[in-house]
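Report on the structure given below.
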Amino acid sequence: MKIKVTIQGQIGHCGSLEGFIGFASAKDLYEHSFADVLNEDTGEGYQRPRNIQHSKSFKQYILTPRASTIPLTFNLRRDLRNSWSIERLPYGRAILHLKEGTRCLAQVDCQHRLGELKDLDIPLAFMAFIGLDLRTEMAMFNIINSKAKGLSSSLTDYHESNLIEDLINDAPHLFIAKKLNDDPSSPWHKMIRYGGETTSGLKRRTSLRMMQKTIQKFLKQVEGSRDFSTEDYYQLIASYWSSIKRIFSNEWKYYRSNLLTKGIGLYSLMYLLSDLVIKAPENVEWEGYFDGYLGMIKANIDWNSHGMFADAGGQKGAIQVYHSLKRVCGL
């Protein structure tokens, strides 16, 4: 391959994973690296979008006297092996060769620092894991960044949903929440935010974190009341929200001006679903059953943002709304 950059460094292990440690100019690292930002429409990638102001602030800082930073972290992607090579030398020394015109260093922990440095020769220390597969790289990113300021909790939930081997059994709340967004027949199809980039951002009504939390509470409340599988509960929840979408069609359509699909509505309606499931007779026809109770709510509850629940907020407010729904339904 035609070499563009050669970087001398050292190979060793960080924990159980092998890595290359070296120094290179910011512009060379920028030119040969990329951030794998999650595209919510295609499901490709896994990182949050870059905060441009954060990057500009770091650039301003790193140009000041006595400025420095901890090493940038990359992964030399296994599937981009034709774009990089490592020449191993005695005593752990090594030379990293990067092919001209390629981006083979996945930015695991540095996209905000590196994002505005494409024109700087300033030297930076870095570590590159060697040949991690995408799943392991994503897990490493999640470990490093799960507590980072500004990192969406929905994005870490999304990572978890992709990293758990047996999601349907080990994290049924995440399985159901993710399927509500991914299933084309779901009333929530492509309406749940994962924390990445999307061309349909204005259609996203709630976050993965909020949705999975409400489902987790629901599953805990109804535990033991029904001999249902996780898939059965998914179908039940999807059916319930399909009834809500149909009966409250105006509120669903103009969701920005009402509370139906905001936190207050999401939590209170899922609390109510727990009661309805526990109370329901065996062999109930769920759609008609839901329609009956939701019809009572339709006739008595105003979901307008400036209406009867305008002052309700947080979990306390959601519980207050839930009790209002219970009274209306005679539960």
Return the Rg/Rh value of the chain, two decimal places, where both radii are evaluated on C-alpha atoms and Rh is the Kirkwood radius.
1.10
Computed over the chain: longest principal axis from alpha-carbon atoms vs helix 134-145 long axis, angle to nearest 10 degrees, is 80 degrees
When all C-alpha to C-alpha distances in region 211-269 are sorted into bins of 5 Å, what percent of pairs does each bin hold, rounded to whole numbers?
4, 16, 25, 24, 15, 10, 5, 1
Residues of region 86-122 with backbone nitrogen within less than 19 Å of a virtual label 7 Å along the Cα-to-Cβ line of Gln60, please, listed as ranges.
112-120
How big is the charge dipole of region 157-278 about its Cα centre, in debye rounded to the nearest 20, if each Lys and Arg gets +1 on its Cβ and each Asp and Glu gets -1 on its Cβ?
840 debye
Taking R0 as 22 Å, what FRET efficiency do you get between Ser239 and Asn300 from their Cβ-Cβ distance, rounded to the nearest 0.05?
0.45
Distance histogram in 10 Å bins (all Cα pairs of region 153-329, percent per bin)
9, 39, 38, 13, 1
What lysines could a cross-link reach from Lys279, if we take a straight Cα to Cα line under 28 Å and drop same-chain neighbours fewer than 8 places away?
Lys178, Lys179, Lys213, Lys217, Lys220, Lys245, Lys262, Lys298, Lys316, Lys326
Give me the Kirkwood hydrodynamic radius of region 240-331 in Å, from all C-alpha pairs, to one decimal place?
13.3 Å
Taking r as the C-beta separation of Leu17 and Asp232 and R0 as 41 Å, the FRET efficiency to the nearest 0.05 is 0.50
About the Cα centre of the chain, what is the dipole size in debye to 20, counting +1 per Lys and Arg Cβ and -1 per Asp and Glu Cβ, all else neutral?
1140 debye
Spin-label pair Ile122/Val328, simplified geometry with 7 Å Cα→Cβ offset, distance in nm
5.7 nm
Suppose we look only past 18 Å in the calculated P(r) of region 3-145. What percent of the Cα-Cα pairs does that tail hold?
55 percent
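No lab work stands behind these numbers, since they all come straight from the coordinates. The model shown is predicted, which means the values in this text are computed figures rather than measured ones. Neighbour counts are summed over all protein chains in view; Cβ atoms, including those assigned to glycine, are modelled from backbone coordinates with ideal geometry.
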